[in-house]
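All remarks here apply to the structure that follows.
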Amino acid sequence: MDDIVHAIQHDLSLTGRLLNLANSSISGAAVQVDTVAHAVMRLGTGPVLSLAVGAAVRRSLSGPLTGLEEDTGKLWRHSVAAALAVTEIGKHCSVRPPQESFVSALLHDVGYLALDRWLVTLPEGDERAEARASIRETDHGVLAGLISARWHLSESIQEAVVHHHAPAQAPTERGRLVAGLVNVADCAARTIGEGFLLEVNRLDRGTAIALKLTRAGFEGMCDAVERKLEGFLELYS
């Protein structure tokens, strides 16, 4: 814990975001937090890691995606909406999300960044158009897994981003749980209109049953995400 506090205190931007989060309505703040140590104690290491990763990837995820021909910021909004959905899932299902669920949801579509970088290396015209049309057949989850492994993130995060469209295929029990939560969060983000590319909602039925997530619970989660999204985005601005 002391090492975490020491690292954050030397990053003014992250310190500001951390204190903002600790004092926000999202954290249920009742008493003003004015030190990094107090903020870390209140939030726990999971949300602190989430905030640090979010601050680190925001610029990449919110930048223009020229190769994919997607609107600037669309991938970032979708990613944050999914991450926010994970924080709401526990209120509507039988499972408390593990602490790495937020980071997993935030990074689940980061593979599209690699695909976008590849597309822009191709000549404009038919070749790039044909490659872009094949994107939906490309497993962006595998690319996200490679990226998260390169960043030395945990095994369960790697499994979750690889298998978020097919949670049952994750090799470990924890990986299947986190992948399932990300699957639900991804669908929630798309349901409120924060989709990315031309994918359709693929809510995994087995996951919904295992989580005891009802239609009313899913709709309640979506409503909460829609209400809180803009304020949540501001935490990373």
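The values are calculated or read from the model by the stated rules, or taken from the named source; none is laboratory data. As the structure is a computational prediction, the values presented were derived from the model and not from experiment. Cβ sites come from the backbone with ideal geometry, for glycine too, and all protein chains shown count toward neighbours.
Filtered by the rule that a residue be in a helix (DSSP H, G or I), of a type in the set (Ser, Thr, Tyr) and over 13 Å from the mean Cα position of the chain (by Cα), the stretch 31-60 gives 45, 60. Taking the stretch 42-52 as the range and being surrounded by fewer than 15 Cβ atoms within 10 Å (Cβ to Cβ) and on the phi < 0 side of the Ramachandran plot as the test, only 45 passes.
Scanning the stretch 164-179 for residues that are at pLDDT below 95 and under 15 Å from the mean Cα position of the chain (by Cα) returns 164, 165.
Checked against the criteria, residue 74 counts as surrounded by 14 or more Cβ atoms within 10 Å (Cβ to Cβ), over 24 Å from residue 1 (Cα atoms), not polar (S, T, N, Q) and not assigned by TED's automatic domain parsing to the domain that holds residue 3. Name every residue in the stretch 123-173 that is surrounded by fewer than 17 Cβ atoms within 10 Å (Cβ to Cβ), under 20 Å from residue 202 (Cβ atoms) and β-branched (Val, Ile, Thr), in order of residue number. Scanning the stretch 123-173 gives 138, 142. Looking at 199, 234, which is the one that is out of contact with any Lys or Arg (no Cβ under 6 Å at 6 or more places or on another chain), exposed (fewer than 14 other Cβ atoms within 10 Å of the Cβ) and either at pLDDT below 90 or under 17 Å from residue 89 (Cβ atoms) (or both)? Going through 199, 234 in turn, the sole match is 234.
Would the stretch 206-222 turn up any residue that is crowded, with 21+ Cβ neighbours inside 10 Å, at pLDDT 90 or above and closer than 25 Å to residue 60 by Cβ? Within the stretch 206-222, none of the residues are crowded, with 21+ Cβ neighbours inside 10 Å, at pLDDT 90 or above and closer than 25 Å to residue 60 by Cβ.
Just to be sure before I move on: is residue 96 free of Cβ contacts under 8 Å to residues at least 40 places away in the same chain and farther than 17 Å from residue 143 by Cβ in the structure I sent? Here the answer is yes, as residue 96 does meet what is asked. Of all the residues in the stretch 38-65, those that are touching a Leu at 6+ places or on another chain (Cβ under 8 Å) and within 19 Å of residue 195 (Cα to Cα) number 6.
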